[in-house]
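Okay, structure first, notes after.
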Amino acid sequence: MKSYIIIFFVVLLASCFTYEATAQSAPGLYGKRFFVEFGSSVMNNNTLNRYNENDKEPINSNVRALLLYSYNLQLNGFYALSRLRMIGGGVTYSRLGFGANEYPTSINANVNSLLLNVYVRDYSLGDGSIAPLGPYFQYGVSAVFNNRFFRQSTSAYTNPENFGAQSYISPAINMEWGNTTVVKDKLLFTFATQSTIILPYGIDTHSKEQGIEGIIIRGQSDSMYNRIFTHYMIRFKIAVGLPFKVKK
Amino acid sequence: MHPKNLVLAILVVLIGFSSPQLSAQDFDNYTPTVSQGPLPQDLMISSTEKYLKAKADSKREKNKRRVRKTKEKFYLQTNFVLDELLTSGQLIFNDPMTNYVKGILDNILKGNPRLRKEIKLYMVRSASINAFATDRGEIFVNVGLLAKINNEAELAFILCHEIQHYVERHNLEAFVKFKEIERGRGDYKRQKNYEKIVSKHSYSKNLEREADKKGFELFLKSGYSLNAVEKVFDLLALSHTSYSDTGFDFSFLESDYIKFNDKVKIEEVNEISELEGKDDSLSTHPSIDERRENFEKVISKEDRKKGKDFIQSKTQFDLVQKIARFDICDILISYRAYSAAFYHSYVLLKEYPKNSYAEKNIAKALYGIAQYTNKNSSDYEEEEEEDETESILQGQMQAAFYFLTKLSDKEKNMLAGRYCWKMHQKYPKDKQMELMAQDMIEDIIIFSLEKDYKNYFKKEKMTGELMTQDKSFAPYAFGDLLDNETFIEWLESGEKYRKRREKRKNEAEGESIYKRRKTAREKAEKKRKKGVTLGRDKLLVINPLYLKANGRKKDPVRLVESEARQKEFKGWIETLSEDLGLKTTVLDVKHITKKTTIGEYNEIMAINRWVDELLTNDMYMISSNYNELLPIVEKYKTTTFAYTGALVYKNRRKIGYAEILYTLFPQTMPYGVSLLATPKYDNLYFSFVFDFEENRVLHKEINYMKQKDRDGVIKSNLYWMLHQVKAKSSKK
């Protein structure tokens with residue numbers, strides 16, 4: 001699987017370079033070919049823990065359930081390579097909660113998650129788009145860095161104070177379908193559906209817990225992976241962007 | 001000389017030059033009439049302004065709400081439609097013809113200066129026999145009418161009729177009535193569709209009768225001869241025939257190398273007669289017989305000897321009619337009515353032998369016929385269209401049409417090639433004739449010869465013996481030119497094209513239609529993705545277009561919004577070009593200001609005609625007004641023209657399963673709601689970039705978009721077009 005990821009990454013880069021040859025034909029937004037975008041993606045999330053939330057409790061009100069969204073913040077940069085292609089990179093920051101209640105242990109943690117992305121954004125000729133405006137499909141690779149901070153443990157065999165932090169890195173594949181439009185020639189608005197598939201090849205980079213605490217934490221790895229996977233799987237993004245002219 | 005006398009002499013000379021009677025038109029080197037003098041105020045006011053003014057005036061009238069709304073709709077539609085006509089390039093103003101007709105109007109309305117001031121007169125570049133009036137006070141007279149009419153009095157009678165249409169506001173009245181009929185109100189309740197159509201025509205005929213009656217009353221006071229009335233109806237009855245019935249003799253095209261056999265000679269032509277049937281139930285005008293009868297009764301009571309045929313001078317009439325008849329040839333060429341143009345140019349040549357204008361027009365007509373013959377023969381899918389006019393052809397013009405029809409495709413090419421070559425030799429400085437001759441000779445090789453031209457053409461003359469053998473003149477047509485260097489060079493150039501064409505054809509033969517189409521599609525897509533690099537520094541954009549329509553409205557075309565947007569669009573072209581460093585001039589007939597000169601107006605019209613011909617011909621063909629553009633290209637120092645615009649269509653979004661599903665799930669609800677709340681767009685942005693020297697479309701882009709026509713989206717498309725014009729290829 002890892003070799004597939006490498007192949008995917010190489011193909012992605014190669015496709016960028018083949019387009020580089022035609023960069024002189026990239027119109028961008030009236031000549032502006034560099035864009036910075038700031039946004040947030042949201043997802044209705046009424047069954048999973050949120051930041052600083054302990055064990056999941058059932059939600060009684062349907063209206064309240066509808067309004068329970070999880071958020072993240074994104075900062076992206078793009079460069080228009082041609083009429084129909086842009087390349088870019090960005091960072092996404094999320095805070096989410098993690099809860100596991102399996103006898104004889106119950107733990108709750110906060111997770112700070114940072115997602116680094118590189119991607120290619122393709123526009124379709126059929127839609128008559130000219131990058132950065134119009135409907136697009138974006139795909140690329142990501143790396144997700146998760147820092148877990150354990151807040152609470154109710155295990156009979158452990159000391160709660162022994163629980164601390166744990167870092168975890170995992171590769172991912174990202175995709176996005178969206179539409180960008182411009183207001184007053186300067187402000188870009190993007191609405192998109194994002195999907196980031198976290199791959200199950202994480203590496204524990206730092207785990208100070210030893211002994212039984214460490215065993216318990218590592219025993220929750222699958223649940224943790226599922227939580228991160230669900231968080232990034234599908235989200236709705238709203239973003240605003242600014243165009244810049246790149247001097248040759 | 002006494003200073004007083006000197007001043008007087010200068011005045012006489014100056015007046016003499018400015019007077020139409022004395023200013024001698026150079027008919028030998030005739031150039032088709034263009035507008036002159038100051039630009040009419042009407043062109044400087046936007047259609048929206050005109051509409052809003054009429055709407056405001058209408059509000060002051062005491063009308064029922066429904067009638068007021070109908071009238072507002074009328075003002076909206078007519079103001080935009082008429083302004084479209086005003087800026088179409090088909091109108092001429094302040095020229096000798098218009099000024100002459102204005103003189104007649106002055107005579108008719110000398111007792112009513114207020115009304116005279118309200119009426120504006122334009123000549124229409126159309127060969128048909130017609131005149132019409134609008135509720136805004138414009139009277140349009142076709143050049144064809146002036147070419148055929150017998151005297152000033154006849155024209156005066158027609159003008160009186162048209163004036164009454166304006167005075168009585170017949171167009172508005174008919175519009176309101178027609179809406180009433182369509183809605184099935186009052187007497188029109190429960191009428192079937194066919195009955196409604198008859199009712200409309202019946203009402204229209206009543207208005208015509210009223211205009212006839214009141215127009216005649218005005219005519220009686222004008223001092224023109226009553227004999228004109230009957231003559232006008234004779235003229236209308238024969239409006240399908242030419243102004244001339246000059247016998248056609250093809251010998252002027254013959255030489256030692258071209259001779260025609262009898263198969264091209266018609267035995268008998270159809271007699272000139274009236275076409276109109278007696279049933280006028282589906283006609284907007286009463287039958288000519290009925291109108292004639294009505295007038296006979298009235299005229300019999302009047303003194304026929306009273307009045308004159310000419311109040312202005314007959315010389316003046318003859319001069320403007322001659323201008324009209326010269327113009328007709330160019331008008332017919334511009335409408336691509338080549339056979340009719342051929343005959344009318346022949347008539348001129350017969351009357352004015354060696355007239356260069358007539359000769360060149362014959363060359364243009366033969367060139368046009370040959371080009372379209374080649375186009376139709378090479379496009380095997382296209383069925384040959386029957387010339388509908390042939391069935392109503394009458395008189396000697398039929399002989400000319402017959403002659404042209406009976407020539408084989410090859411003969412048409414040879415004849416056109418030979419005649420264009422002759423014109424090029426006779427007028428070597430005429431660039432258009434040179435290009436036409438070259439194109440024609442190359443086309444002979446490309447389209448008409450199956451074998452090597454060296455084996456095809458014969459050096460002999462066409463003898464009487466060959467004629468009797470019923471042989472075609474085609475192999476002999478260039479017998480004396482086979483040693484001519486230029487001629488051979490052009491033939492060789494044609495040979496190269498033909499070989500390239502054959503190679504392409506052979507390559508394509510091995511492939512299936514599916515594969516050929518796929519390859520072509522892929523090639524076009526690649527070009528659209530990557531764009532082109534034209535490397536131009538200057539650009540002339542002609543008449544940008546912006547049209548908005550909303551399928552959710554009863555009247556889908558949003559005229560007012562379109563006009564406002566068009567103005568913005570023009571501004572964007574200028575600002576984006578500036579950003580790119582591309583020197584762009586936008587010539588837009590819809591945005592004429594006080595600063596616009598008549599010269600600039602005529603330039604727009606000339607380029608418009610050139611662009612129109614290039615786009616509609618859809619093949620390589622030298623435009624019929626090529627020479628007219630040479631000074632324009634010189635003035636703007638660019639040969640690159642562009643025609644660009646956007647067509648925006650907004651419609652109701654059909655709610656399908658996808659939209660419902662998106663809305664039902666909380667996770668996808670925001671997207672679902674946004675889909676339901678927004679209309680559907682089907683927009684087109686188009687741009688055509690032309691090169692005058694190469695006489696072809698350099699680049700065309702038709703971009704279909706499903707996005708809203710936000711400023712940014714349209715500007716982005718526009719920038720992409722301008723960017724491609726400016727971008728230079730990195731390849732050497």
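Per residue, the Cα convex hull of chain B amounts to 263 Å³.
Normalising the Debye intensity of the range B:532-726 to I(0), with uniform scatterers on Cα atoms only, and taking log10 at q = 0.17 Å⁻¹ returns -1.13. If you add up the charges near A:Y136, with Lys and Arg at +1 and Asp and Glu at -1, over every other residue whose beta carbon is less than 15 angstrom from its beta carbon, what do you get? Local charge sum for A:Y136: +2. Could you tell me the calculated FRET efficiency between B:D245 and B:I197, based on Cβ-Cβ distance and R0 = 51 angstrom, to the nearest 0.05? For R0 = 51 Å, the calculated efficiency reads 0.90.
Obtain the radius of gyration and the Kirkwood radius of the protein assembly as shown from its C-alpha atoms and give Rg over Rh.
Here the Rg-to-Rh quotient is 1.10.
Inter-chain neighbour count for A:128-140: the average number of beta-carbon atoms from partner chains within 10 Å of each residue's beta-carbon is 4. For the pairs B:K429/B:K635; B:K451/B:K515; B:K496/B:K538, flag any whose C-alpha to C-alpha distance is greater than 22 Å. Checking Cα-Cα distances, B:K451/B:K515; B:K496/B:K538 exceed 22 Å. Each of B:C420, B:C160 has some number of other Cβ atoms within 10 Å of its Cβ, and from fewest to most they run B:C160, B:C420. Residue by residue along B:528-534, Cβ atoms of other protein chains within 10 Å of the local Cβ number 5 on average. Stretching the chain fully between B:F252 and B:K529 yields a gain of 94.3 nm (0.36 nm per residue, less the alpha carbon separation).
Between B:D187 and B:D26, what FRET efficiency comes out of the Förster formula 1/(1 + (r/R0)^6) with R0 = 60 Å and r the beta carbon distance, rounded to 0.05? The calculated FRET efficiency here is 0.50. Hydrophobic, long helices, defined as DSSP H runs whose alpha-carbon span along the helix axis is 24 Å or greater and whose mean Kyte-Doolittle value is at least 0.0, occur in chain B at B:314-334. Note on A:M233 and B:S674: with the Förster distance fixed at 25 Å, the Cβ-Cβ geometry gives a FRET efficiency of about 0.75.
So the label point goes 7 Å from the Cα of B:K308 along Cα→C-beta, right? Which residues of the range B:201-226 then have their backbone N under 18 Å from it? Residues B:219-226 qualify, since their backbone N sits under 18 Å from the label point. Restricting the calculation to alpha carbons of the range B:336-510 gives Rg and Dmax of 17.0, 57 angstrom. Each residue in B:D135, B:D483 was given a count of other beta-carbon atoms within 10 angstrom of its own, and listing them fewest first yields B:D483, B:D135.
Put a dot 7 Å past the Cα of B:K265, heading toward its Cβ, do the same for B:D711, and the two dots end up 7.3 nm apart.
For the peptide B:713-724, the mean number of other protein chain Cβ atoms found within 10 angstrom of a residue's Cβ is 5. A cut-off of 5 Å between modelled amide H atoms, ignoring neighbours fewer than 5 places along the same chain, links B:L91 with B:R125. Note on B:K526, B:K53, B:K200: ascending count of other Cβ atoms within 10 Å places them as B:K526, B:K53, B:K200, the fewest first. Among B:F401, B:G599, B:N374, whose Cα lies farthest out toward the positive end of the dipole of chain B, if unit charges sit on the beta carbon of Lys, Arg (+1) and Asp, Glu (-1)? Of the candidates, B:G599 comes out farthest on the positive side. The Cβ shell under 14 Å around B:S88 holds other residues with a net charge of -3, Lys and Arg each +1, Asp and Glu each -1. Other residues lying with their Cβ under 14 Å from the Cβ of A:G77 contribute a combined charge of +2, Lys and Arg counting +1, Asp and Glu -1.
Each residue, A:D204 and B:V81, gets one label point 7 Å from its Cα in the Cβ direction; the gap between the two is 8.3 nm. Stretching the chain fully between B:V560 and B:K459 yields a gain of 29.8 nm (0.36 nm per residue, less the alpha carbon separation).
Here's how it looks for A:N49: its modeled amide H is under 5 Å from those of A:G99, which are all 5 or more places away or on a different chain.
With a/c under 1.5 counting as rounded, go ahead and sort the range B:49-130 into rounded, prolate or oblate using the C-alpha gyration tensor (a ≥ b ≥ c being the square roots of the eigenvalues; past the cut-off, prolate if a/b is larger than b/c, else oblate). Judged from the Cα gyration tensor, the range B:49-130 comes out oblate (a/c at least 1.5, b/c at or above a/b).
Compute the Rg to Rh ratio over the range B:91-237 from the alpha carbon atoms, using the Kirkwood formula for Rh, and round to two decimal places.
1.03
For chain B, DSSP calls about 60 percent of its internal beta bridges antiparallel.
No lab work stands behind these numbers, since they all come straight from the coordinates. In this text the structure is predicted, and so the values were computed from the model without any measurement. Note that each Cβ is placed from the backbone with ideal geometry, even for glycine, and that neighbours are counted across all protein chains shown.
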